[in-house]
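Q: Would you mind keeping the following structure in view while I ask a few things?
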Amino acid sequence: MKFIYKKNLYKFLEVLSVDNNVFYLTEKHEYKKVKKDEASDGLNVDVVRASVPLKSFYFLQREKIGLPEPPAKNRNIIFGVKSCDLKAKKILDNMFLAGVCTDPFYDLHIKNTLIFSSDCPAPQKTCFCTLVDGKPYIEAKQQNFDLNFSPVLNGYIVEPGSSEGEAIILQQKSFFVDTTEQMISERNKLRERALKLLEEINKEFAQLKDTDLQKRAKDNYSSNWWKEASKTCVQCAGCNSICPSCYCFFLLDASVVDSELPDTNFEKLRYWDACHHTGYARVAGGMNPRPKLFERFRNRYQCKFNFRKENFGIYACSGCGRCIDVCPGKIDIRKVMSGL
Amino acid sequence: MTDNQNKINPYLPIKSKIEKIIDETSNIKTFIFRPETPILFETGQFVEITMPGIGEAPFTPSSSPSVKNTLEVTIMKVGGVTEKLHEAKIGDIVGIRGPYGNGYPLEKFKNKEVLIIGGGVGIAPLRSLLLTLFEELNNYKKIILCYGTKMPEDVVYKRLFPEWDKIKRLEILRSVDRCPVESRWDETIGLVTCLLNNVNVDLSNSVAVVCGPPIMMKFTTLKLVEQGHKPENIFLSMERNMSCGLGKCGHCAIGPYFICKDGPVFTFEQLKDEQDIWA
């Protein structure tokens with residue numbers, strides 16, 4: 001465990017950007033890329049997760065999949081990843097890396113990505129990680145980050161989570177100093193404060209904490225509440241796209257003029273898909289297992305709290321709250337689950 | 001995944017030449033494909049067929065897995081990909097990737113009476129199963145095929161039934177929902193489920209296999225259960241929008257299952273507590 005001064009943070013990223021694409025979280029909840037000879041553009045990892053989900057870096061919104069092998073790329077370093085996004089990544093890892101085969105595209109992107117996570121000291125009103133078995137900070141045992149940054153005093157405690165992370169600390173040792181007892185206790189204090197804040201933010205939904213949400217979703221599959229709760233849904237599928245644990249995609253052959261594939265005028269592509277779309281599960285001939293909006297709405301919740309929990313032992317919802325932020329129908333996933 | 005699949009990129013199909021096309025009904029054709037490298041499958045598994053530049057769709061081969069260099073697929077014209085396939089000519093190249101999922105667990109059929117119930121083009125995967133069973137007829141007590149279509153003209157494999165009628169251990173019962181005045185039908189008129197009233201099977205030593213349109217599968221399964229068939233002995237070939245075939249894209253999910261990797265063959269026991277399985 002080491003300490004880095006806040007004033008040295010951007011310089012540290014600049015050094016890493018010589019060999020890597022380095023993206024950092026900003027005060028506006030965006031990821032910005034470190035560019036040569038350009039100053040930091042609002043670097044701030046003490047805010048909540050970025051508006052775009054982390055999956056955008058390794059499960060691309062649109063990807064060409066027609067070449068025999070995925071093309072090699074520079075390594076990405078993502079700085080300012082929050083624990084909610086890392087928890088959601090476990091769902092995607094289970095879908096894409098495990099099962100009958102490894103998805104070579106996802107695999108390549110993951111191998112090319114270093115995760116620099118950071119504590120979430122100031123949760124916002126749509127955050128609810130603690131209601132779905134999460135915490136507003138990374139714990140060392142998680143093992144799916146490379147370096148974690150915890151804000152203390154005038155800098156950050158830096159904890160490695162992988163051998164790559166350790167190597168970076170060693171290589172860039174001039175940026176780091178040893179941690180003190182005071183720093184550790186300050187970190188613990190800030191983490192406790194974030195937990196308290198989440199409790200305060202979610203006091204209306206306190207009953208969800210320690211509730212078996214899988215059982216609740218399963219037992220209430222036929223409830224009329226799904227119809228009621230989906231009344232303001234306009235099927236924009238924003239919740240699907242912005243969700244860090246939604247993994248659905250569709251494959252298509254798209255007509256293009258400059259295909260990478262020899263002797264063809266099409267490209268094999270993969271796009272993010274959304275289970276809220278009417279035709280998502282429709283089969284040839286027009287049969288649709290979920291023709292009604294409330295059925296598709298219910299399916300999303302069943303997927304997150306029931307089906308994937310059964311498959312992987314974790315909820316496919318990490319409490320990032322993006323779906324609440326994005327919904328034009330003001331649907332709040334916490335209210336939906338509370339109302340069941 | 002089997003050895004004949006692309007090791008690096010599982011989304012890439014194997015180029016396959018259309019060797020023969022057989023008209024089965026007005027909107028159903030059987031295609032005989034010769035893939036560049038053989039696609040070895042188990043009966044009941046499915047493949048994804050690509051019409052280059054158009055897209056892909058899932059189909060279960062209707063030939064026997066013991067035929068290695070070619071595979072036959074019986075295809076009804078119902079959507080974009082199948083429409084293009086029906087326009088294809090002998091010699092045209094399509095893409096095939098697979099096989100995917102779990103086929104019929106033949107070891108569970110051994111020394112038993114095998115009751116097979118098909119509806120419409122649902123006979124296609126069942127033909128592959130039948131051909132496989134025919135190859136080791138002595139392993140099965142008897143085989144009963146109940147096959148229903150809407151009208152006589154919709155019967156798929158009309159050309160094969162006379163041949164199948166000669167097989168001793170095989171009993172065939174057929175029905176049509178209705179018979180127009182200009183057609184002729186000497187067998188049962190009614191839904192395929194009514195054939196089950198005339199079937200004599202030993203419930204303690206039999207399995208039932210069902211494949212057809214969802215509504216037919218629903219009522220056939222319910223009838224089988226009513227007749228005393230155990231849910232674990234009823235094998236269903238489920239169909240959804242299997243898109244990637246690899247259990248990743250999400251489209252074919254039924255509850256916690258992905259049909260493409262956990263199916264397409266399921267026992268009713270596996271699915272009976274899931275919601276909306278017949279849609």
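The values are calculated or read from the model by the stated rules, or taken from the named source; none is laboratory data. It should be emphasised that the depicted structure is a prediction, and the values quoted were computed from it without experimental measurement. Every residue, glycine among them, receives a Cβ derived from its backbone with ideal geometry; neighbour counts consider all protein chains shown.
Q: Quick one: A:Glu166 ticks every box in (1) surrounded by fewer than 17 Cβ atoms within 10 Å (Cβ to Cβ); (2) assigned to a helix (DSSP H, G or I); (3) within 14 Å of chain B (Cβ to nearest Cβ) except a single one, so which number is it?
A: Just one mismatch for A:Glu166, condition (3).
Q: Another one. Evaluate the range B:261-270: report whether one residue or more is in contact with a Phe, Trp or Tyr (Cβ under 7 Å, 6 or more places away or on another chain), closer than 30 Å to A:Gly313 by Cα and away from chain A (no Cβ under 14 Å).
A: Yes, the range B:261-270 contains at least one residue that is in contact with a Phe, Trp or Tyr (Cβ under 7 Å, 6 or more places away or on another chain), closer than 30 Å to A:Gly313 by Cα and away from chain A (no Cβ under 14 Å).
Q: Let me ask something else about it. Pick out, from the range A:225-340, the helices (runs of 4 or more DSSP H) lying fully within it that include 1 or more residues that are over 28 Å from B:Ile215 (Cβ atoms).
A: Ranges flagged: A:225-229, A:238-242, A:308-312, A:322-326, A:333-339.
Q: Would you please list the contacts, defined by Cβ atoms under 7 Å and residues six or more apart or on different chains, that run from a residue in the range A:149-161 that is closer than 15 Å to A:Lys11 by Cα to a residue that is surrounded by fewer than 22 Cβ atoms within 10 Å (Cβ to Cβ) and of a type in the set (A, V, I, L, M)?
A: Between residues of the range A:149-161 that are closer than 15 Å to A:Lys11 by Cα and residues that are surrounded by fewer than 22 Cβ atoms within 10 Å (Cβ to Cβ) and of a type in the set (A, V, I, L, M), the close pairs are A:Gly155/A:Ile4; A:Tyr156/A:Ile4.
Q: Being hydrophobic (A, V, I, L, M, F, W, C), crowded, with 16+ Cβ neighbours inside 10 Å and in contact (Cβ under 8 Å) with a residue 60 or more places away in the chain, is that true of even one residue in the range B:136-154?
A: There is no residue in the range B:136-154 that is hydrophobic (A, V, I, L, M, F, W, C), crowded, with 16+ Cβ neighbours inside 10 Å and in contact (Cβ under 8 Å) with a residue 60 or more places away in the chain.
Q: A further question follows. Looking at the range B:111-181, what strands (runs of 3 or more DSSP E) fall wholly within it and have at least 2 residues that are of a type in the set (Gly, Ala, Ser), within 16 Å of the chain's Cα centre (by Cα) and modelled with pLDDT of 95 or more?
A: Ranges flagged: B:113-119.
Q: I'd like the residue in the range B:46-61 that is more than 10 Å from every other protein chain (Cβ to nearest Cβ) and among the β-branched types (Val, Ile, Thr) and, out of all such residues, is surrounded by the fewest Cβ atoms within 10 Å (Cβ to Cβ).
A: Only one residue fits best here, namely B:Ile49.
Q: For residues that are more than 8 Å from chain A (Cβ to nearest Cβ), touching a residue at least 12 places away in the same chain (Cβ under 8 Å) and out of contact with any Asp or Glu (no Cβ under 9 Å at 6 or more places or on another chain), tally how many sit in the range B:240-259.
A: Of the residues in the range B:240-259, 0 are more than 8 Å from chain A (Cβ to nearest Cβ), touching a residue at least 12 places away in the same chain (Cβ under 8 Å) and out of contact with any Asp or Glu (no Cβ under 9 Å at 6 or more places or on another chain).
Q: Just checking: which of the strands (runs of 3 or more DSSP E) contained wholly in the range A:52-140 hold 1 or more residues that are touching a residue at least 40 places away in the same chain (Cβ under 8 Å), within 14 Å of chain B (Cβ to nearest Cβ) and of a type in the set (D, E, K, R)? Outline the logic, then answer.
A: Working: elements: A:62-64, A:75-81, A:113-118.
Correct list: A:62-64.
Q: Still on this structure, please answer the following. Looking at the range B:76-128, which of its residues are surrounded by 21 or more Cβ atoms within 10 Å (Cβ to Cβ) and among the basic types (Lys, Arg)?
A: Hits for the range B:76-128 are B:Arg97, B:Arg127.
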